[in-house]
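J.: Please find one structure pasted underneath; my questions will follow.
The values are calculated or read from the model by the stated rules, or taken from the named source; none is laboratory data. Remember, it's a predicted structure, so these values are computed and weren't measured experimentally. Here the Cβ is made from the backbone with ideal geometry for all residues, glycine too, and neighbour counts use every protein chain on show.
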Amino acid sequence: MNKLIKKLLKISGFKKLNPVQEEALKNGLLEGKNLVIASPTASGKSFIFEIAGINTLANERGKVLYIAPLRALCWEKYQDLKRKYEKEFGIKIAISTGDFDSSDLWLARYDWIIVTCEKCDSLIRHGAEWIKDVGLVIVDEIHLIDQIERGPTLEVTITRLKEIIQKTQFLLLSATIKNADELAGWINGKTIVSNYRPVKLYEGVCYNSKIVFLDKEGYKLDEDLPVEDSIVKNTLRFKKQIIFFVGTRKRAEKLAEKLGKTVKKYLTPNEKRDLNFLSEEILNVLEVPTKQCKKLAECVKNGVASHHAGYLSKQRILVEEYFRKGLLKVITATPTLQLGLNLPAWRVVVRDLKRYHPGFGALYIPVIDYKQFVGRAGRPSYDSWGESIIIARNEMEAEDLIEHYILGEPEKITSKLAVEPILRVHTLALIASDFCKSKESLMDFFSKTFYAYQFQDIERIKEKTFEIIKNLKKWKFIVSKKRKIEATRIGKRVSELYIDPLTAYFFIKSLKKVKKIELFGILQLISNTVEMKPLPNVKSKEFDELNEVIAERESCFLQKIPREWDLEFDDFLKSVKMALVFESWINEATEDDILTKFKITPGELRGRLEIADWLLYSLHELALLLRKKSILKDIKKLRVRMHYGVKEELLPLVKLKNVGRVRARKIWLSGIKSIKELRKVPIEKLSKIVGPNIAKNIKDQLKGKKVKERKVLTLKDFSFS
DNA sequence: CTGCTCGACGTCTAGACAGCATGTC
DNA sequence: CTAGACGTCGAGCAG
C-alpha cells in the first residue's frame, strides 16, 4: 500500500481502508480521475477526499478547493483538517464563508480552501485569481443540486469551475441517489455507489407497542406509556442516546417537554447537577430570556433538548456539544440536523413522515431525506450497531412504510436550473464578470450545465434567458453593442453585491424617488425583497392592526401600496409586519417583547437582521453610485441602529467596544449621554453602572485620542467551546 | 354566578446562503 | 386532489 495512505490512516486512527475507499482508489482517485461517490453518511467519504487532497498537494498538482452547503459544515471540516494535517504536512488550510473569512486576497497563499457554494460563486465573480491554480475540487452533498432554492447556484458554480480549470480533478460526494451515473456523465467521470456503513444499521418500524426489524429481533414496549416515551425508556435502559425527527418546530418543543418526565428518572445525581449548569447557560444566552429560552432550559434539566432554527446558534451549538459528550440523552429535532454535522446517536426515530407543502397539502418526505435521517444512527467508536425506527399507526401502515422507505430506492435528482430568479442572478453574473459576452456564449455556457446534460435540451432555458436579458437591459444593468453584451457599472456592482437584480431595480427606483428619508419606508422596502423571503406569516388577528398602520403611514412608503385584492398585497402586508418588527428592535424592544408581540423567535430575528444588514449595505452602495449624497448618512445610521438595536440617541455610546444596547442604555439612563461626558465621569461612578472591569475597559478606550485601533481578526479568535 | 370540560372550528406549518468589517451580556 | 396537531371559544354542566 502507498506510504502516504498508511500515514493518513494512522493519523485518522483507522486500521485499513474500507470497501468504498478501496473502490475509489481502484478508480483512479490518486490519478486525477473524476469521480462521483454516492454512499450513506459516515461511510468514510471524508477520508476519501482527504487522501485525494493530501495527495494532490504532495504532488504539487495545485490547490484543493472544498465546497460544502452549510457554514457549520465548513467550520467543522476546517477544524478537523487543520487539526489532523496542517502541522503534519506543513500545509495551510483556510476557510471562507459569510461569517468566517480568511481575507480573500490572502486565500492565494493557502493550499486547501474551504468554502460554501455561494461564497465560491462570489469569489469567482470577484475574479479571484487563485482559482486557476486549483488542482482538485471536492463538492460535498452534491445531491442538493436537486434543491430548488440553492441547487442552481451549485450547478452554475461547478460548471464555471469546469470551464475555468478544465484539467482539474472533480470529486463529487453524494447521499445515495438513483441517478449518480448521470452526475458522473456530466463531469465525465466514474460512479462509485455503495451502501457500506462502518456501523451496522438496523432499520425498523414501531406499531402496536412493539418495534420490529427486518433482520433482527425486535423489542416489546410498555403499553401504558405513549409510544415515544416507551421508546425512550427502552433506549435509556441500554444507556444509549436517541434523536427524534419531527415535522415542525412546535412539535419538537412539545415532544421534548413531554419526554422529560421519562428521561429524568434515568439520570444520575451527577448528571442532574451538570444538566442544571447547562440549563443555566442556555437560559442566559440573551439579556432577557424569552419564554422559549426558559422552556428549553427546563427541558435540558431533564436531559432532553429540542433543536431547530428558531433557536439562537449559540444554544444549538451547546445542545450539539453536550449531546456529543453524552450528557443530554435525547434530542427532538426538525430537519435542521439532516445534513453532515457529526452528531450520531445510537438510535434515530423518524416520527413524522409527512410534511406540509403550501398548495399541495401534506406530502410524504422523499426517501433521500429518510435515509439521511437514519444515517445518524450508530456512533462509530461507541456502538457496535445502530437502530432506526419509523413510527406507524398500525400494521398496514407499517408494511407500506417498510416497502417505501426501508426497502425503497432513493429518488432521482433533477436539475432545477430553469427557475427564473436564480437564472436572472446568474445571467447577470456571467455577463458582469466578462465570462459571457454574447447571447451565443451564454447559450454555450448553459449547454454545459447538468440541466443540459440531463435533459439534452436547453430550449426552456434559452427562452427564459432571452426574456431576462430584455429586462436586464431595461433596468440598465447591461447594454448591448452590436452583437456584444456588456454589464454597466451599476450592473457590475449589483452582481458583486450578490443581490437579485430585481431587488436592485426596486432599490434604485425607490432611491430616485426619495426626497426625505422615512425610516419606516426603508425598513419596509428592504423587507419586501426576494432576499427576505419567505416572510413570517401574518396572523389573521394582526390583519386589522396592520391595515391601520398602512393607513396611518401611507406617506412613508416608497412603493406603491397595492390594493387589497391585488396579488402582491399578501407579501406587502407581511413586509409591513416585518418592518414593524425591525422598528421595535431599533426602538429597543427586547427579544422577548418581539416574541410575545409578533411571535418571532430570537433566532429568526437574528437571521432577519443579518439579511437586513446586508441589504442596507447594498442600498447604501447603490445610493452612492446614484450620487444620492443627502441620504447616505441616514442609511448608514440606520444600519448601525439595526446592528445594535438602539435608538438614535445611543449611537455615540455603542461605538465603544464592549458596549452594546444594554450597557449603552444603562449608561445613558445614569445621565451620561455622550463620549464627552463619559470622559469626565470618574471611574468609580462608572464602575457602579457597568461593573469595574468594563468601566476600566471603557476608560482605557477613551485614553487614546481619536485613533481607533484596527485589529486583524484571525480565526483563532473564534473558539466555539 | 363561577369554573371546568369537551368538542367544533379555525389556524398554522423546515432550513439558511451572500457583502463588508469586526466584538454583546 | 391531499394532513394533523394545537389553540380558542362557546356550550353545557356541576358546584
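J.: For the stretch A:449-461, enumerate the residues that are within 23 Å of A:LEU161 (Cβ to Cβ) and exposed (fewer than 15 other Cβ atoms within 10 Å of the Cβ).
T.: Selection gives A:GLN456 alone.
J.: From the list A:LYS240, A:LYS233, exactly one residue is touching a residue at least 60 places away in the same chain (Cβ under 8 Å) and away from DNA strand C (no atom under 16 Å from the Cβ). Which is it?
T.: A:LYS240 is the lone residue from the list that is touching a residue at least 60 places away in the same chain (Cβ under 8 Å) and away from DNA strand C (no atom under 16 Å from the Cβ).
J.: If you don't mind, there's one more thing I want to ask. Is there a residue in the stretch A:269-282 that is within 13 Å of DNA strand B (Cβ to nearest atom), β-branched (Val, Ile, Thr) and under 30 Å from A:LYS210 (Cβ atoms)?
T.: no
J.: Could you pull out every one of the helices (runs of 4 or more DSSP H) wholly within the stretch A:252-371 that has 1 or more residues that are more than 16 Å from DNA strand C (Cβ to nearest atom) and within 25 Å of A:PRO69 (Cα to Cα)?
T.: Output list reads A:313-324.
J.: Can you tell me which residue is surrounded by the fewest Cβ atoms within 10 Å (Cβ to Cβ) among those in the stretch A:539-551 that are of a type outside the set (Asp, Glu) and more than 16 Å from DNA strand C (Cβ to nearest atom)?
T.: Checked the stretch A:539-551; the qualifying residue surrounded by the fewest Cβ atoms within 10 Å (Cβ to Cβ) is A:ALA551.
J.: Here's a follow-up. So A:PRO269 passes all but one of these: (1) in the same structural domain as A:LEU339 (by TED's automatic domain parsing); (2) closer than 25 Å to A:ARG376 by Cβ. Which condition number does it fail?
T.: Of everything listed in (1) in the same structural domain as A:LEU339 (by TED's automatic domain parsing); (2) closer than 25 Å to A:ARG376 by Cβ, A:PRO269 misses just condition (2).
J.: Now for a different question. Quick one: in the stretch A:372-386, which of the residues that are assigned to a loop (DSSP other than H, G, I, E, B) and in contact (Cβ under 8 Å) with a residue 40 or more places away in the chain is surrounded by the fewest Cβ atoms within 10 Å (Cβ to Cβ)?
T.: A:SER384
Every residue, every condition in (1) within 16 Å of DNA strand B (Cβ to nearest atom); (2) in the same structural domain as A:ALA305 (by TED's automatic domain parsing); (3) over 19 Å from A:PRO344 (Cβ atoms), yes or no:
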{"position": "A:THR157", "(1), (2), (3)": "yes, no, yes"}
{"position": "A:GLU163", "(1), (2), (3)": "no, no, yes"}
{"position": "A:ILE177", "(1), (2), (3)": "no, no, yes"}
{"position": "A:ALA184", "(1), (2), (3)": "no, no, yes"}
{"position": "A:SER209", "(1), (2), (3)": "no, yes, yes"}
{"position": "A:LEU221", "(1), (2), (3)": "no, yes, yes"}
{"position": "A:VAL232", "(1), (2), (3)": "no, yes, no"}
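J.: Within the stretch A:529-558, count every residue that is part of a helix (DSSP H, G or I) and polar (S, T, N, Q).
T.: 2
J.: Assess whether A:GLN169 counts as being in contact with a Leu (Cβ under 6 Å, 6 or more places away or on another chain) and touching a residue at least 60 places away in the same chain (Cβ under 8 Å).
T.: Answer is yes for this residue.
J.: Checking the conditions here, which among A:SER306, A:SER313 is within 11 Å of DNA strand B (Cβ to nearest atom) and modelled with pLDDT of 95 or more?
T.: Sole residue among the options that is within 11 Å of DNA strand B (Cβ to nearest atom) and modelled with pLDDT of 95 or more: A:SER306.
J.: Then there is this: Restricting the stretch A:234-256 to residues that are crowded, with 19+ Cβ neighbours inside 10 Å and within 13 Å of DNA strand B (Cβ to nearest atom), which is farthest from the chain's Cα centre (by Cα)?
T.: A:LEU255
J.: Sticking with this one: Just name the residue that is nearest to DNA strand C (Cβ to nearest atom) out of those in the stretch A:72-111 that are charged (D, E, K, R) and under 23 Å from A:GLU129 (Cα atoms).
T.: Looking at the filtered set, the residue picked out is A:ASP99.
J.: Could you list, in sequence order, the residues of the stretch A:116-143 that are within 16 Å of DNA strand B (Cβ to nearest atom), surrounded by fewer than 23 Cβ atoms within 10 Å (Cβ to Cβ) and among the hydrophobic types (A, V, I, L, M, F, W, C)?
T.: Result: A:LEU123, A:ILE124, A:ALA128, A:TRP130, A:ILE131.
J.: Name the single residue that is nearest to A:ASN697 (Cα to Cα) among those in the stretch A:651-664 being surrounded by 18 or more Cβ atoms within 10 Å (Cβ to Cβ) and either among the β-branched types (Val, Ile, Thr) or more than 7 Å from DNA strand B (Cβ to nearest atom) (or both).
T.: Residue satisfying both the conditions and the ranking: A:VAL659.
J.: Can I ask one more? Can you tell me which residue is nearest to A:GLU228 (Cα to Cα) among those in the stretch A:332-374 that are more than 10 Å from DNA strand B (Cβ to nearest atom) and of a type in the set (S, T, N, Q)?
T.: Ranking the candidates gives A:THR332 first.
J.: Also, quick follow-up: Here are A:ILE561, A:ILE517, A:ILE526: which of them is modelled with pLDDT of 90 or more, out of contact with any Cys (no Cβ under 8 Å at 6 or more places or on another chain) and either more than 20 Å from A:ARG639 (Cα to Cα) or in a loop (DSSP other than H, G, I, E, B) (or both)?
T.: Residue meeting the stated conditions: A:ILE561.
J.: So, one more: Pick out the one residue from A:GLU409, A:GLU420 that is surrounded by fewer than 22 Cβ atoms within 10 Å (Cβ to Cβ), in contact (Cβ under 8 Å) with a residue 40 or more places away in the chain and more than 26 Å from A:GLN372 (Cβ to Cβ).
T.: Criteria check complete, one pass: A:GLU420.
J.: Looking for something more than 30 Å from A:GLY326 (Cβ to Cβ) and under 26 Å from the mean Cα position of the chain (by Cα) - is there at least one such residue anywhere in the stretch A:376-393?
T.: Looking through the stretch A:376-393, none of the residues is more than 30 Å from A:GLY326 (Cβ to Cβ) and under 26 Å from the mean Cα position of the chain (by Cα).
Residues checked against (1) surrounded by fewer than 19 Cβ atoms within 10 Å (Cβ to Cβ); (2) in contact with a helix residue (DSSP H, G or I) (Cβ under 9 Å, 6 or more places away or on another chain); (3) assigned to a loop (DSSP other than H, G, I, E, B):
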position: A:VAL425; (1), (2), (3): no, yes, no
position: A:MET443; (1), (2), (3): yes, yes, no
position: A:GLU463; (1), (2), (3): yes, no, no
position: A:ILE468; (1), (2), (3): no, yes, no
position: A:GLU496; (1), (2), (3): yes, yes, no
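J.: Filter the stretch A:15-24 for residues that are free of Cβ contacts under 8 Å to residues at least 60 places away in the same chain and under 31 Å from the mean Cα position of the chain (by Cα) and give the result.
T.: Result: A:GLN21, single match.
J.: Within the stretch A:596-641, track down each residue that is within 13 Å of DNA strand B (Cβ to nearest atom) and on the phi > 0 side of the Ramachandran plot.
T.: Within the stretch A:596-641, A:LYS599 is the sole residue that qualifies.
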